[in-house]
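Novice: Below is a structure I'd like to ask you about.
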Amino acid sequence: LMVSVTLEDLKAGVGYGLLDGYWTISVAQIRRLACDARIVPVVLGAQGETLDVGRATRIVPRSIRRALTRRDKGCAFPGCGKKAKWTDAHHILEWSRGGTTALANLTLLCRRHHRTIHHTDWQIRMIHGKPWFIPPSYVDPERTPRHNALHAMRS
C-alpha cells in the first residue's frame, strides 16, 4: 500500500494525500492507516525520482543509481578512471550496520576499489554532498581526504 503526502501536510495534520497514486484521502485517514503499519518513508526528488528508501531495502533502486551515476560519473575512488557501468553502488555506512539506501550514503566503486574499501583501512566521508576518501596512516600520515578529480572533467 503506497500513500503519498507532503511532509508539511503530515506534520500539520491537514490536507490530503494519494492512496496508491490516485485515491484522495485526508491526512487524518493517512494517520489512522499508519497506526498499525510498518512505515517506509521514501524521499522523492523534484521530478518524482526516488532518492532515499531508508532501510526498506539494501538494493539500490534504478532512480538512485541514476542519481549516483550523475553525481559520481564512475568509480569515485581517487585516480580511478572506471566508468559508471563498471561500478557497484557501495553503502558508505554499511546497510548491515544501520546505513540507509540513500544518495547521501552511497557512492560508486569499481570491483577493485570496492574490495579495497572493505578490506583495508581506507574510509569514505561525504563532504558537501560528494564522496571523499581518507587514506590509512601508512599511505598518508596526515590522512588528508582525497576525491576523484578524473570524473569531474566529464560532463
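The values are calculated or read from the model by the stated rules, or taken from the named source; none is laboratory data. Because the structure is predicted, anything quoted here is derived from the model rather than measured. Every residue, glycine among them, receives a Cβ derived from its backbone with ideal geometry; neighbour counts consider all protein chains shown. The protein model used for the area step is the full one, side chains on, heavy atoms only, and it has no ligands, DNA or RNA in it. Shrake-Rupley method; radii C 1.70, N 1.55, O 1.52, S 1.80 Å.
Novice: Restricted to the range 74-99, and to residues that are within 15 Å of Pro131 (Cβ to Cβ) and open to solvent by 50 Å² or more (accessible area, probe 1.4 Å), which residue is farthest from the chain's Cα centre (by Cα)?
Specialist: Looking at the filtered set, the residue picked out is Gly79.
Novice: How do the pairs read when you match residues in the range 5-30 that are among the hydroxyl-bearing types (Ser, Thr, Tyr) with residues anywhere that are loosely packed, with under 11 Cβ neighbours inside 10 Å, using Cβ under 9 Å and keeping only pairs 6 or more apart or on different chains?
Specialist: Once the first residue is among the hydroxyl-bearing types (Ser, Thr, Tyr) and sits in the range 5-30, its partners that are loosely packed, with under 11 Cβ neighbours inside 10 Å give Tyr16/Thr24.
Novice: Can you report the number of residues in the range 116-149 which are more than 17 Å from the chain's Cα centre (by Cα) and either charged (D, E, K, R) or open to solvent by 80 Å² or more (accessible area, probe 1.4 Å) (or both)?
Specialist: Qualifying residue count for the region: 10.
Novice: If you take the residues of the range 101-115 that are over 14 Å from Phe77 (Cβ atoms) and touching a Gly at 6+ places or on another chain (Cβ under 8 Å), which of them is most open to solvent (accessible area, probe 1.4 Å)?
Specialist: Selected residue: Ala104.
Novice: Here's another thing I want to ask about it. Among the listed residues Val53, Val27, Val60, identify the single one that is surrounded by 17 or more Cβ atoms within 10 Å (Cβ to Cβ) and modelled with pLDDT under 80. Let's see the steps before the verdict.
Specialist: Working: Val27 fails: modelled with pLDDT under 80; Val60 fails: modelled with pLDDT under 80.
Just one listed residue meets the conditions, Val53.
Novice: Would you say Gly17 is at pLDDT 80 or above, outside the structural domain of Thr101 (by the TED database) and under 24 Å from Ser63 (Cβ atoms)?
Specialist: For Gly17, the condition - at pLDDT 80 or above, outside the structural domain of Thr101 (by the TED database) and under 24 Å from Ser63 (Cβ atoms) - is met.
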